[in-house]
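The values are calculated or read from the model by the stated rules, or taken from the named source; none is laboratory data. Computed from a prediction, not measured in an experiment: that's the story for all the values here. When we count neighbours, we look across all protein chains shown, and the Cβ atoms used for this are built from the backbone with ideal geometry, even at glycine.
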Amino acid sequence: MADVLDDDEIEERLPEGWSQEGDEIVRTFEFDDYMKGVNFAQLTGEIAEAQYHHPEIRIRYEEVEVRLTSHEEGGITEKDVEMAEILNKETA
């Protein structure tokens with residue numbers, strides 16, 4: 001089990017573009033068209049499966065919102081921060 005990060009630790013480690021909303025970290029990725037967003041959502045799912053860490057993903061017309069939390073630990077952990085960093089690299 002991973003330790004839940006406190007608000008100060010989250011603020012220090014939060015990757016660019018991500019924000020904290022309660023016990024989740026959230027980012028909305030923007031794309032030129034719907035299918036690019038769908039492809040990113042699929043890639044996010046594949047990465048999540050490999051990491052065994054499954055985010056909430058919402059697909060909109062030119063946006064994909066990703067929400068990360070560690071449900072079993074009851075909050076945000078290093079595992080969430082690492083997944084956010086991986087997703088940032090995929091869109092860089």
From the set of residues in region 62-92 that are at pLDDT below 95 and over 18 Å from ILE10 (Cβ atoms), which is surrounded by the most Cβ atoms within 10 Å (Cβ to Cβ)?
THR91
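Counting just the residues of region 10-46 that are among the basic types (Lys, Arg) and part of a helix (DSSP H, G or I), which one comes out surrounded by the fewest Cβ atoms within 10 Å (Cβ to Cβ)?
In this case the residue turns out to be LYS36.
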Can you tell me which of (1) closer than 22 Å to VAL4 by Cα; (2) assigned to a loop (DSSP other than H, G, I, E, B) is the one GLU49 doesn't meet?
(2)
